[in-house]
Structure formats: C-alpha cells, structure tokens
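Shown next, in structure tokens, is the structure this report addresses.
Read the figures in this text as sums done on the coordinates, not as results from a lab. Keep in mind that what you see is a predicted model, and the values were worked out from it rather than measured. Every residue, glycine among them, receives a Cβ derived from its backbone with ideal geometry; neighbour counts consider all protein chains shown.
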Amino acid sequence: MKNDQPYGVLFESVKIGPVTTKNRFYQVPHCCGMGHLRPQAHAAMRSIKAQGGWGVVSTEETEIHPTSDLSPYAEQRIWDAKDIPALRLMTDAVHKHGALAAIELTHSGNHSANLYSRLPALSPVDQSIDIIYPKQARRMNKKDILEFRLWHRQAAINAKAAGFDIVYVYAGHGMSLAQQFMLPEINTRSDEYGGGIENRVRLTRELLEDTKEAIGDTCAVAFRFAVDELKGLDGMQFHEEGRAVVELLSETPDLWDVNVSDWSNDSQTSRFEINEGYQVPYIEFVKSLTTKPVVGVGRFTSPDLMTSLIKQQTIDLIGAARPSIADPYLPNKIKEGRVDEIRECIGCNICVSSDNFSVPIRCTQNPTMGEEWRRGWHPEKIKPRKTEQTALVVGAGPAGLECSMQLARRGYHVILSEAAIELGGRVLLESDLKGLSAWKRVVDNRVYEIQQKTNIEIYRESELTLSHINELGVNNVFIATGSSWRDDGVGRSQRKEIAGLETIQVLTPTDAIRKQSSLEGPIVIYDDDQGYLAGVIADHLSSQGHNVTFVTPASIVSPWTVSTLEQQRVQKSLLNQNVNIIPSKTISSANGDTLEMRCIYTNEATELACKTLILVTERLPNRTLYLQLLQEASLDSDTPKRHIELIGDALAPGLIADAVFSGHLAAENFETSKKEIERAMFMREMPKLK
Ligand code: ADP
Ligand code: SF4
C-alpha cells in the first residue's frame, strides 16, 4: 500500500533500535493460557498473527527464574537455556511471515506464588504474596538485587539465542518486580533503591542498561511501563511520577510500550469502557519526552482512528492484544481494502478468562483462536466441501450464524431460517442492555459476511416445524434453536423448584427485558446462575430508575465476572445505583407479596417484600424440534438417512463464545468421517518422559 492511500501511513516501516518493523501493527504481549506448557500451540497461534500482517508479534509474560514461578498459570518461561528450543518454535514461525518476534521478560516479585518451585517469593519489602495463600514475599537485599539483575541479563542472552528481535523490560500491571520497586505505596526502602523516584527507578534503569549491554547490538530493548494505576493519589499518576519516570529514562530504551495498570484497567471491558483508544489521554504525553518510538493500546479496531493517532504523532505503533485475538488478519484486511471484514473485538474478556483458568485462549468473536495447532483451524480459511450438498440451519443466534457462515465458506448451499424478524438470537437481547452494545458485533460481522455470499438463502420470520423441514426436503439439518430461561427457580444452588411462585409475578430475564418499562416494584432479581446476566439486568433496571433488590446464594455479585476482570466494577455500579445486595441467601418460597430467603450457612429464614421476581437461574435447551426429527428418523426407515445435529445453546446452554464455537465445530466436522473427527479431536502436547 502506498503512503498516499488513506491508511498508507499504517504500513510504513519503523526503526526500533537495531531492528525495523515492516509496519505499525504491533501485537503487544498478551497471555494465552499456553505458555511453556503448550509451546507448539503457542507458536502456531502467534504464527497466525504474523500471517495476518502484524509487524511485531510478542509473547506473554515470560518468567525469567524459578523465583518467579507463576504456576498454575501457563505463562511463558525462560528459566535457562533449556527453554530456548520451545521459544525457537515461536520465533521461527513468526519470522517465516516477515514479522519481528518480541519477548516480555518478567520477574513477578510478590505476584508469583512459586507454588511449583517452592522457592521464596521476592519483593522490594516484606509483604504478602498477591494471591490468597498465607505466605509472604521476602525483602530483597543488595545481593538479591544483584542476582536478580544477573538472571535478567542471562534471560536476555537466552532470548537472543532463541531468535527474538525485541526484548522487554517490564514494569506494568502490578505484576513485575521493576514496577513494584517504582511504586511508593510498596517500596518503603531507605537504601539507594527506595525513597525518591530517582532511587525507585534505579533498578529499572539498571535492567534496561544491562539488557542493552548484553544484547543491544542486534536486539531492540523495549520498556513496558504503566504510566498510571488509576488509583488517584494512592498510586502512580501519569501527570506526576508516571511522567517523571519517562523523563528520567526517556532515551534509555529503544521503544516505549505504555499503558495503564492494573490488568483490569489495561484490559477494560466494553461494558465499562466503550471507547476505543481509552488509554490515549493517559499515554499521549510520552512522545513529547522521547525520540524513541511509542506503542499504545486501547482496543483499536478502526483504521481511521489508528491513522489519525499516527498522523497526530500521538503514538508511532498501533498496539493491540485483544483486537489481534479477535482478528489476527486485521492488518491485512486494512491493507487489502477489506475494512468491512474486520472482526472487531467486542471487549468481553472471554480471552482473559481462559488465561485465568490456565486453559488455551478462546475468543467470542474468533472461534479458531487457540485451536490453530491442536485442531488445525484458521481464522480465514476452512476446508472445502466434500460433496455438493444443501444444509438447513434452524435458528440464527450466534451458533446458527457461525455454522451457516462456515458451511457457506466451505461451499455448501445453505438455507438459514430464523423465527424472528432480526438475525442474532440472544445477542440482540443482551446487547440492548446497559454496557453490552459492543456485543452486537458478533452478529454484525457474521451477517455482513453471510449477506455477501451467493450460496446462502436467509429466511426471516420463519419459525420452522417438522412438516416445514420435511417440505424443504433437506437432508442436513443443524438445529440452533437456543435455550429458554427457567421460571421455576431451579438453579446452581437448589435443584428443587421454589414453592409458591404461582402467588407472585415471576419473570424470566427475557420477559423482564421486554417488559422493562412496566415492571411493578418492589423488584427482586434472584441470581442463581452466578454468571454475568443477572448483574447486567440489575445494573440496567436500576439505571432506569427501578428500585432493585439483588439476592444471590453467592458471596459477591456475579462471581463469574472475576475471571473477566469486571467483578469489582459490577459490584461498584450496583452499589452506586443503590441496588440492595443480599448475598449468601437462597429464595426458598414465595407467598403473595413476600419471599422467604434462607441463609446458605445457617438456614435461618428471613422475609423480603416483592411484587416482581426476576429469576436468573438456569436455562432449558429448546430441543423439541430436534427430538421430533430424531423420532421421525427412527420411525421411518424409508426416510433417507439425515444428518441431524444439535448445536449451541440448544445442545447445552453456555456463553455466547461457546455457542459460536459449537457452530464452528459442527461446520468443520460436517462430512467428516468419525475416524477423522476422532483423530482431529485434538492433538495434545505430550510431556517428554525421561
Ligand atoms: P445460540 O446461542 O445457540 O445461537 P440463541 O438463543 O441465541 O441460541 O438463538 C436461537 C435462535 O433460534 C433464536 O433467534 C430463535 O428465534 C431461533 N429459533 C428457535 N426456534 C426456531 C425455529 N423453530 N425456527 C426458526 N428459528 C428458531
Ligand atoms: Fe475481544 Fe472478547 Fe475476543 Fe477477547 S474474547 S479478543 S475481548 S472479542
């Protein structure tokens, strides 16, 4: 692309110390639940980003020593030279597609619990470790600091040997020793590493200088630095010490990778921060203090915004973690003028949750993420059809849309039938709620592609019955009819129905959203799903002026959202909107205008006034049509053998990400022999036995 093209500036090369990136698309370090445990999966996933056009592709945080052991989390590891071959898989894979490979060297200080290595955790001061485990990190003395510098230096040398082009010093997310030394709230030392900011930055300066001296002849030394902790006066602020750090180190690194801390602030969800580029106000000062290139993040998916940030010299490189996960081909799509095809990140943090569960990364928008190696999936390509066939997909929620789109990509003729006027299923309902508007992108992206295709027919307002399906005479039927919320109170904590519900107005989430303007108070939301939806509905209704009481057997609101880094914001929002939160209680019965609640610990009964009870407990799969099809097939031996497959929430209700994945899996497996499916079920990385 030429520079005079609208987005040409994004494809200029940028010199970073001794190396040069071919364009301004920079996949910043991000966790992926693969790390040292799954090196082949890791290399394949990063390789896809390089194929998709990212100029720089980075690892996740990389432990440099057994005293920085993040087990059970699956992060990257470079404890010694034995880790080089596994890391080499990634650098080779990334280089093959013309990208630079970057590694984020990390010592996590008190953030690592060393549960595997059982060595003492290290910290600038004696303090508790960062996970709930009654153990403390030990204050580092001068000898420890010297040793730590040597470990870091050796890790940099090993990183160079593994083929990395850019080596990071890391001071961000509240997860690294270098940052912990910088923060006055933590570092109360009285030696030359504590006190004023010059002293607190000393260790970082030494790490940068050590790294440059060790490998700076051929590798660039990047510095990842959180300029603000968003804690106000209690933390580092960008206009005070954050700025001072940039002034003190301005020309020392070859690249500034700047963001805000902690992880929940850096990777904010769209529910609480809808704006793309939300970190710009914090980091834009950096460029005025250094001549070195600056990379910034903020869920960038719009090439117009990216271009204007480069042209205004706000940043030099477009940093992205989540946008590169949702669409590894984002740079190529911009380059090839296919901007409408960008699969925009929806800011849901399902990707983050997988790292928090130590399993390979997954993404709501991109079901192939994490499956590149073990299932051989690709975000843009899928194997061609085996034979000429027609497939009918019933239901156009996330599962039906993904399945139809992928079957059409494979070259089948697809008929997609949806009962409602609009395509999207549950996504339409949920994305209408407070904070979730970006989730609609799951539908928009797929509907856009489906509409471009000539081999897919869409029928709206077409609720199919068994006889309709028989009339159509299609032999391959994918049932994506979704699920319905229960209205009897059966949920995670109690498997029996709530007694007396006939005496009270009971609404499912779907009814409550539809009737939101005419709800009669007092309103009680009972969350025994403990996912996200009950919290969203409480937030939504209370923001519209409804008085809401939130009852849950859990001890906090929406416990699942801990894994998406949102829980504190969820609870804060409800408290700020005066939602009455009653934790640790089940609802045992209803009687007229009163509910009886039971303490989950003591079983003590208390009463609560209620006119409208919104039950968010469990869902029942909508399987009637599927069962009818099966029954017919079993009765009628003359009917040619049909492929009848249940997908998405109709198979087993879950996240939107699960429904998309299920639709993709079904499309991939269609016309594939049982043997092949079993073989591809997936490859596993086996430990080498010795
Ligand atoms: P999933 O998450 O599995 O995709 P959703 O509940 O989001 O499930 O979507 C299911 C979709 O299926 C809804 O849009 C619903 O209107 C549609 N649907 C359900 N039954 C039928 C049917 N018999 N014919 C056509 N569409 C249906
Ligand atoms: Fe974005 Fe959600 Fe995918 Fe993460 S999981 S990359 S937040 S769409």
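Could you check how many residues of region 173-215 are in contact (Cβ under 8 Å) with a residue 12 or more places away in the chain and in a loop (DSSP other than H, G, I, E, B)? Result for region 173-215: 15.
Residues in region 247-272 that are surrounded by 23 or more Cβ atoms within 10 Å (Cβ to Cβ) and among the β-branched types (Val, Ile, Thr) were compared, and the one that is nearest to the chain's Cα centre (by Cα) is 269.
Here's the yes/no breakdown for (1) within 16 Å of ligand 1 (Cβ to nearest atom); (2) on the phi < 0 side of the Ramachandran plot; (3) of a type in the set (Ser, Thr, Tyr); (4) within 23 Å of the chain's Cα centre (by Cα):
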site: 365; (1), (2), (3), (4): yes, yes, no, yes
site: 375; (1), (2), (3), (4): no, yes, no, yes
site: 386; (1), (2), (3), (4): no, yes, no, no
site: 399; (1), (2), (3), (4): yes, yes, no, yes
site: 405; (1), (2), (3), (4): yes, yes, no, yes
site: 408; (1), (2), (3), (4): no, yes, no, no
site: 411; (1), (2), (3), (4): no, no, no, no
site: 415; (1), (2), (3), (4): yes, yes, no, no
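For residue 145, are the conditions met, namely being in contact (Cβ under 8 Å) with a residue 12 or more places away in the chain, farther than 30 Å from residue 89 by Cα, assigned to a helix (DSSP H, G or I) and among the aliphatic types (A, V, I, L, M)? Spell out the reasoning first.
Values: in contact (Cβ under 8 Å) with a residue 12 or more places away in the chain: yes; farther than 30 Å from residue 89 by Cα: yes; assigned to a helix (DSSP H, G or I): yes; among the aliphatic types (A, V, I, L, M): yes.
Yes.
Exactly one residue out of 310, 346 is of a type in the set (A, V, I, L, M) and either within 16 Å of ligand 2 (Cβ to nearest atom) or within 23 Å of the chain's Cα centre (by Cα) (or both): that is 346. Taken over region 429-459, the criterion of being within 16 Å of ligand 2 (Cβ to nearest atom), in contact (Cβ under 8 Å) with a residue 40 or more places away in the chain and among the polar types (S, T, N, Q) is satisfied by 437, 445.
Of all the residues in region 513-561, those that are part of a helix (DSSP H, G or I), buried (at least 24 other Cβ atoms within 10 Å of the Cβ) and of a type in the set (Gly, Ala, Ser) number 3.
Output yes when any residue across region 77-87 is assigned to a helix (DSSP H, G or I), more than 20 Å from residue 157 (Cα to Cα), in contact (Cβ under 8 Å) with a residue 60 or more places away in the chain and among the β-branched types (Val, Ile, Thr), and no when none is. Within region 77-87 (the criterion being assigned to a helix (DSSP H, G or I), more than 20 Å from residue 157 (Cα to Cα), in contact (Cβ under 8 Å) with a residue 60 or more places away in the chain and among the β-branched types (Val, Ile, Thr)), the answer is no, since none of the residues qualifies.
Here's a check for you: in region 423-456, which residue that is among the basic types (Lys, Arg), under 13 Å from residue 656 (Cα atoms) and buried (at least 21 other Cβ atoms within 10 Å of the Cβ) is nearest to ligand 1 (Cβ to nearest atom)?
Taking region 423-456 first, the residues among the basic types (Lys, Arg) are 426, 434, 440-441, 446, 453.
Subset that is under 13 Å from residue 656 (Cα atoms): 426, 440-441.
Adding the requirement that they be buried (at least 21 other Cβ atoms within 10 Å of the Cβ) leaves 426, 441.
On the way: 426: 3, 441: 15 Å.
Only one residue tops the list, namely 426.
For region 216-242, which positions are in contact (Cβ under 8 Å) with a residue 40 or more places away in the chain, over 30 Å from residue 160 (Cα atoms) and hydrophobic (A, V, I, L, M, F, W, C)? Across region 216-242, the qualifying residues are 236, 238. Of all residues in region 604-644, those that are β-branched (Val, Ile, Thr) and in a helix (DSSP H, G or I) total 1.
Annotation: residue 653 fulfils all but one of (1) surrounded by 15 or more Cβ atoms within 10 Å (Cβ to Cβ); (2) in contact with a Phe, Trp or Tyr (Cβ under 8 Å, 6 or more places away or on another chain); the unmet one is (2).
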